[in-house]
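Derivation of every value follows stated rules applied to the coordinates shown; laboratory data play no part. The structure presented is a predicted model; accordingly, all values stated were derived computationally and were not measured. Methodologically, a virtual Cβ is constructed for each residue, glycine included, from the backbone with ideal geometry; neighbour enumeration extends over all protein chains shown.
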Amino acid sequence: MTHKAHPLKIAILGGGPSGLFMYKRLVESEIKDLTIEIFERKNMLGSGMPYSTEGASQEHITNVSDNEIPVIFNSIEDWVKMAPKSVLKKFNISPDNFNEYKVLPRLFFGEYLSAQFSLLKKMADSKGIATIIHLNTSVTDVVDDANANMVGVETNGKEMKYFDRIIICVGHNWPKKYEGKIPDYFDSPYPPKKLAQRFNHPIAIMGSSLTAIDAIRTLARNNGVFQEEKDGRYKFVPDEKSDQFKIVMHSRNGLLPAVRFHLEDSHLGKDATLTKAQIQKNIKDNGGFISLDYVFEKNFKDQFKKKDPAFYQKIKDMDLETFVGAMMSYRENVPPFDLFKKEYEEAEKSIEREESIYWKEALAVLSFAMNYPAKYLSAEDMQRLQKALMPLISIVIAFVPQSSCRDLMAMHDAGVLEIISVGEDSTVDPQEKGGAIYTYTDDTGKEMAVAYQTFVNCIGQPHLSYEDFPFKGLVDGGMVSPATLNFKSKAKGKEEVEKENKLVTEKGKGEYVLRVPGIKINDFFQVIGEDDQANNRIYIMAVPYIGGYNPDYSGIDFSEMASLEILKQL
């Protein structure tokens, strides 16, 4: 970047994990005359939503361990040796017996991330990089001034500050639709303190993901206790005043997520993914699109030739749909909690022997590897990805920690937790007096309409649409545009329009496009405007708003990768 007469001013909007990684990249860069301003809605940097009280309580834990987390300033193991004693005491953590392979309390991890910001700021100070931090500050709008080559950032609905570059890292967003209007109807389980109350009746939960497990852990601890018996059994005992307490998970496929196991490559083989040169060649050879089948072959099946030849022989002739069908049918043919217990035992052996369950690890690699080529898929392949592969990925790579598994199994054994399959055509109707009616077709084909006094939506962070994008100054100015993918086959596009698929439109001359979630970005996470041009002043790492072109929510892994791509362009 060429030297300017004034310091290069960069704004990071959002001081959670994504903002932290971006700050790390900038501090460690060789950019001269640099001023960085960080805007954070909360009173603490680093933790973001998942690792603060907005997303966690004492009972919530990470599903990753220290050895799986990219080093920021220092590792958790090293930081623990210098962490405040009050923090260590609060979470009952000792530097002497710290284990880098163990999962951690989420709020403790938030303390670590916050400390990393402070350590990086000291490094920035020593390098002469100015850092200005705005806590308790909401970014209410962003406007782009192309003539001045600057971007305006509006805070708290009034003050406007201008920057050469901005990076949007605003992170999680849980829009409220009925919560607050309908009693005991929750659009998400966050912040968890709202669920920390007695519910002496059955509770409906939509979803069976890690988000659902967050809700279950909170609800359980406010309506009963977990006990370790002398014979080693782990039990859940409901409180006397919660004798009617029960949780019913409603899942489209009736499946529980998979259990955390030993990872051979704790950073999920990011080096083993397709190179950009391979991707570009396939795009050239495939009519301007990356082939999903090619990605599946190279980033998944080929991994087994050396790692697990026996498994490779089983799947070598399977296409994507056949493989997903085989894996899902196996899971669907075993009662969910029986399968959960079996996978728990399998995962325990994996950890004890330090041996990976390799097909699951490879699936996690494939999920991460989909992020870069997703924007080059045809609309047909994106539909296949969404319909076939992503449902399997969402189950298998959840990596439920062992202590959460024990909670769920104990509650099921106590008769206070069950999961039912409701299919894709199920509906939830909020009730004015409170709760909701869940309507679905059960396994026998019978129509069910069950009323629940309390309902909690736990489907996880939704992929938000272009219309949900929070900075209307960029929308109104045409600086951002809806994410779309072209159909390779005009006939297929026309067929989707005739089927009244509202996400498919004709854009002239028989060309058809599919709307996917969020806004359009390029490989460097620059926003793309209505003129189809990338904006070199505005970058985005806020995953809820780029889900169409960035379908994998890998959290920390994503933040590490995206921040590096942005720095390259800066």
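Annotations
- Cα gyration tensor shape for the range 479-538, rounded if a/c is under 1.5, else prolate or oblate: prolate
- Between D468 and N286, full extension at 0.36 nm per residue minus the direct alpha carbon distance yields a gain of 62.2 nm.
- Within the range 492-570, the GluC sites (Glu not before Pro) that combine a DSSP coil assignment with at most 10 other C-beta atoms in a 10 angstrom radius are E500.
- By the count of other C-beta atoms within 10 Å, a proxy for reagent exposure, T137, T218 are ordered fewest to most as T137, T218.
- Relative compactness, the range 270-385, computed as alpha-carbon Rg over 2.2 N^0.38 Å: 1.20
- Cβ-based charge dipole, the chain, positive-most Cα from Q383, Y452, A414: Q383
- The local environment of N99, defined by Cβ-Cβ distances under 12 Å, has a net charge of -3 under the rule Lys, Arg +1 and Asp, Glu -1.
- At R0 = 22 Å, FRET efficiency that the Cβ-Cβ distance of E447 and E418 yields, to 0.05: 0.70
- Equivalent-ellipsoid semi-axes of the range 57-117, from the Cα gyration tensor, Å, largest first: 15, 14, 12
- The residues packed around A204, meaning those with a beta-carbon under 13 Å from its beta-carbon, carry a net charge of -2 if Lys and Arg are +1 and Asp and Glu are -1.
- Between amide H atoms placed 1.01 Å from N, distances below 5 Å from T454 occur with A204, A436, all of them 5 or more places distant or on a separate chain.
- All Cα-Cα distances of the chain, cut into 20 Å bins from zero to the largest, leave 19, 54, 26, 1 percent in each bin in turn.
- Estimated Rh, the range 222-341: Kirkwood, alpha-carbon pairs, angstrom: 19.1 Å
- At R0 = 22 Å, FRET efficiency that the Cβ-Cβ distance of K235 and N333 yields, to 0.05: 0.15
- Between K316 and S403, residue separation times 0.36 nm minus the direct Cα-Cα distance comes to 27.7 nm.
- Cα-Cα P(r), the range 131-201, percent of pairs per 10 Å interval: 14, 32, 23, 19, 9, 2, 0
- Partner aspartates and glutamates for K90 [C-alpha distance under 15 Å; skip if fewer than 8 residues away on the same chain]: E59, E111
- Under the convention that each Lys and Arg Cβ holds +1 and each Asp and Glu Cβ holds -1, the size of the dipole of the chain around its Cα centre is about 900 debye.
- Think of the chain as a dipole: +1 on every Lys or Arg Cβ, -1 on every Asp or Glu Cβ, centred on the Cα centre; then among I556, M123, S404, M123 lies furthest on the positive end.
- In this Cβ point-charge picture (+1 for Lys and Arg, -1 for Asp and Glu), the range 270-385 has a dipole of about 460 debye about its Cα centre.
- Note on S118 and T35: the model spin-label points, each 7 Å out from Cα along the C-beta direction, lie 2.6 nm apart.
- Anchor K305: lysines whose Cα lies under 25 Å away (excluding residues fewer than 8 positions away in-chain): K270, K276, K281, K314, K316, K349, K360
- Among F296, W79, Y178 the positive-end extreme of the charge dipole of the chain (Cβ point charges): W79
- With each label modelled as a point 7 angstrom along the Cα→C-beta vector, the N136-N156 pair spans 0.9 nm.
- Pairs from K24/K568; K306/K375; K42/K194 whose Cα-Cα separation, in the structure shown, is over 20 Å: K306/K375
- In nm, spacing of pseudo-spin labels at E432 and E77 (7 Å Cα→C-beta vector): 6.1 nm
- Beta bridges per DSSP with both ends in the chain, % antiparallel, nearest 5: 50 percent
- Along the range 200-210 the Karplus relation, 6.51 cos²θ - 1.76 cosθ + 1.60 evaluated at θ = phi - 60°, assigns HN-Hα couplings of 8, 6, x, 10, 8, 10, 8, x, 9, 8, 4 Hz to successive residues, with x for each Gly and Pro.
- Karplus (6.51, -1.76, 1.60) ³J(HN,Hα), θ = phi - 60°, over the range 303-319, in Hz, Gly and Pro reported as x: 5, 8, 4, 9, 6, 8, x, 5, 5, 4, 4, 5, 10, 4, 9, 7, 7
- For the range 445-570: rounded, prolate or oblate by the Cα gyration tensor [a/c cutoff 1.5]: oblate
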